[in-house]
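Undergrad: Have a look at the structure that comes next, please.
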Amino acid sequence: MAIAHIRSSDGEVQLVYNHLLETKSIAEEAGAKIELRHLAGLVGLLHDFGKYDEAFQHYIQEAYNNPNKPPKRGSVDHSTAGAHFLWKRFGKDPISKAMLEPVCNAIYNHHGQLADFINCEGDSPFYHRMQKEVPQLDELAQQFYQEVMLEQELEQYVVSAKEEFIRYLKRITLVGGDPATSKRIALTMLNKLLYSILIDSDRLNARQFDENIQNLTS
């Protein structure tokens, strides 16, 4: 079973599937307050998808076994795979792509800063990230389907997220003003919101595990 974290105090492991489902649950709770339960849950569900990769499993074991000389922090990229998987599997139409851009940006950069979709030079760091190769993506997906969520369940979950996304855009444009400008503002806000929810949910769950606390949200 793939490991997400190892507790330094006693060597207890948190498995990837537990971390993904628990982070998803925390993110859903935050997203539900603004009627974006599934959209927020999606970033939690896929953010550490890349930890199923053998390279990361070797990295985390080495870091625990050699605390005085661990591998370089961040030397194994585990953040790209989940976003790549979502985009390739579900980014089939303009609405889905518009929804997945902020979701993928949050997943790509949950250990850094959000990437610009278009910067001042007219370049797109976000789309450059999307060109990065992720070997064995299909194999990682199969592990995810076996341990975390069945493929049909994920498909329905994404459908629910898409419905929330469409309702969100409609709510924003009802406020008034130019619809195109309103949508651009709405997407910018959503990008930052999903990123914030993921950072909070991921770190909260990691703390819950590290301090052996069952529930910090109650």
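Undergrad: Measure nothing but the geometry: give the 0 to 90° angle between the long axis through the Cα atoms of 54-65 and the longest principal axis through the Cα atoms of the chain, rounded to 10°.
TA: The helix 54-65 is inclined about 50 degrees to the chain.
Undergrad: Rank Leu46, Leu154, Leu20 by mean-square fluctuation in a GNM of the chain with C-alpha springs under 10 angstrom and give only the top-ranked residue.
TA: Among Leu46, Leu154, Leu20, the largest GNM mean-square fluctuation belongs to Leu154.
Undergrad: Run lengths n ≥ 4 of DSSP H only: what is the helix-derived mean residue ellipticity at 222 nm for the chain, with -39500 (n - 2.57) per run over all residues, to the nearest 500?
TA: -20500 deg cm²/dmol
Undergrad: When Lys and Arg each count +1 and Asp and Glu each count -1, what net charge do the other residues less than 10 Å away from Phe90, Cβ to Cβ, add up to?
TA: Once positives and negatives cancel, what remains is +3.
Undergrad: Separate question: On a 1.4 Å probe surface of the protein chains, which of Glu147, Glu28 comes out largest in accessible area, and what is the full order?
TA: The most accessible residue leads, giving Glu147, Glu28.
Undergrad: When the chain is modelled as a GNM with alpha-carbon springs shorter than 10 Å, which of Ile26, Ile172, Ile197 fluctuates the most?
TA: With Cα springs under 10 Å in the chain, the top fluctuation among Ile26, Ile172, Ile197 is at Ile172.
Undergrad: Under a 10 Å cutoff between Cα atoms, tell me which one of Leu150, Leu204, Leu45 has the largest fluctuation in the Gaussian network model of the chain.
TA: Answer for the Gaussian network model of the chain: Leu150.
Undergrad: Heavy atoms of the protein only, probe of 1.4 Å, neighbouring chains included. What is the accessible area of Asp77 in Å², nearest 10?
TA: We get 60 Å² for Asp77.
Undergrad: Helix 37-46 versus the longest principal axis of the chain: what angle, 0 to 90°, nearest 10, using Cα atoms?
TA: That works out to roughly 40 degrees.
Undergrad: What do the square roots of 5 times the Cα gyration tensor eigenvalues come to for segment 1-58, in whole Å, largest first, as semi-axes of the equivalent ellipsoid?
TA: Taking √(5λ) for each Cα gyration eigenvalue gives 26, 13, 6 Å.
Undergrad: Could you tell me the convex hull volume per residue, in Å³, taken over the Cα atoms of segment 127-218?
TA: Spread over its residues, the Cα hull of segment 127-218 gives 171 Å³ apiece.
Undergrad: Could you calculate the contour length gain from Asp123 to Lys92, that is, 0.36 nm times the residue separation minus the distance between their Cα atoms, to one decimal place in nm?
TA: 8.8 nm
Undergrad: Between Met1 and Ser196, what is the label-to-label distance in nm when each label sits 7 Å out along the Cα-to-Cβ direction?
TA: 3.5 nm
Undergrad: Okay, moving on. Would you mind getting the Kirkwood hydrodynamic radius of the chain from its Cα pairs, rounded to one decimal in Å?
TA: 18.0 Å
Undergrad: Please work out the C-alpha center-to-center distance from segment 1-59 to segment 144-195 and express it in whole Å.
TA: Their Cα centres are 20 Å away from one another.
Undergrad: Near Asp116, within a Cβ-to-Cβ distance under 11 Å, what is the net charge of the other residues, with Lys and Arg +1 and Asp and Glu -1?
TA: -1
Undergrad: Before I look further, what does segment 94-218 give for accessible area per residue, probe 1.4 Å, in whole square angstrom?
TA: 59 Å²
Undergrad: Normalised by the number of residues in the chain, what is the relative contact order in percent for Cα pairs under 8 Å and 6+ residues apart?
TA: Value for the chain: 25 percent.
Undergrad: Let me ask something additional. What number results when the radius of gyration of segment 66-131, computed over Cα atoms, is divided by 2.2 N^0.38 Å?
TA: Ratio of Cα Rg to 2.2 N^0.38 Å: 1.33.
Undergrad: How tilted is helix 80-90 with respect to the longest principal axis of the chain? Cα atoms for both, answer in degrees (0 to 90, nearest 10).
TA: 40 degrees
Undergrad: So what is the relative contact order of segment 21-84, in percent, for Cα pairs below 8 Å that sit 6 or more residues apart?
TA: Taking the mean separation of contacting Cα pairs over the length of segment 21-84, I get 29 percent.
The values are calculated or read from the model by the stated rules, or taken from the named source; none is laboratory data. This is a predicted model, so every value here is computed, not measured. Note that we place each Cβ from the backbone using ideal geometry, even for glycine, and neighbour counts take in every protein chain shown. Just so you know, the surface numbers come from the protein's heavy atoms only, side chains and all, with ligands and any DNA or RNA stripped out. Shrake-Rupley method; radii C 1.70, N 1.55, O 1.52, S 1.80 Å.
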